[in-house]
Amino acid sequence: MTMIKMLIVPFIAGLLAGSAQAQHVIPVHFQEGRVLVEAIVDQRRVLLIVDSGAMVSVIDLNSLPKHGKADERTICTATGNKTAALLNGTIEFAEQSGKLAFQQKMLYGNFNFGYTKDGKRIGGLIGLDLLSTYASVSFDFQHQTMTLTEYGAT
């Protein structure tokens, strides 16, 4: 699977200085044993779980406008089998220096990821397909951030 990774905010000045940004610091929330991150998925604001145990990123169609059907497959979940479609999508995260965006294939289906304790719907999860494109992923619990470190960063 090919993933196109692009930084939305210009970083030409950093390139000219010889040091492109090697780390992306993204705000997260820790709640009930889950790491939650706010994102824009296909132009709609969605709350996602960061799940290093999931092989692919999964989006609940109930959180988004309807997509076309393509490459449907049956997914076995803890709550039973679900039908999902593997479709191209875009995920954007706000970070301290702008926005970080990914375009990749994700599973879209009628999943129920539940709600936060303050009633916000959880619209999906970010899996290893996205996380593993980085050399490391770390969490700062005190400052409530997730740091994605690119390969080759010193």
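Looking only at the range 63-83, decide whether some residue is open to solvent by 60 Å² or more (accessible area, probe 1.4 Å), over 22 Å from D140 (Cβ atoms), outside any loop (DSSP other than H, G, I, E, B) and at pLDDT 85 or above.
For the range 63-83, residues open to solvent by 60 Å² or more (accessible area, probe 1.4 Å), over 22 Å from D140 (Cβ atoms), outside any loop (DSSP other than H, G, I, E, B) and at pLDDT 85 or above: absent.
For the range 85-111, what are the residues that are touching a Gly at 6+ places or on another chain (Cβ under 8 Å) and under 26 Å from H29 (Cβ atoms)?
Correct list: Q103, Q104, M106, Y108, F111.
So G89 fits all but one of (1) modelled with pLDDT of 75 or more; (2) small (G, A, S); (3) outside any strand (DSSP E or B); what number is the exception?
Unmet condition: (3).
Assess whether K117 counts as being out of contact with any His (no Cβ under 9 Å at 6 or more places or on another chain), of a type outside the set (A, V, I, L, M) and surrounded by 13 or more Cβ atoms within 10 Å (Cβ to Cβ).
no
Within the range 29-40, is even one residue exposed (fewer than 13 other Cβ atoms within 10 Å of the Cβ), outside any strand (DSSP E or B) and at pLDDT 75 or above?
Yes: one or more hits.
The values are calculated or read from the model by the stated rules, or taken from the named source; none is laboratory data. Values in this document were obtained by computation on a predicted structure and should not be read as measured data. Here Cβ is always computed from backbone atoms with ideal geometry, including for glycine, and neighbour counts include all displayed protein chains. Side chains included, ligands, DNA and RNA excluded: accessible areas come from the protein's heavy atoms. Shrake-Rupley method; radii C 1.70, N 1.55, O 1.52, S 1.80 Å.
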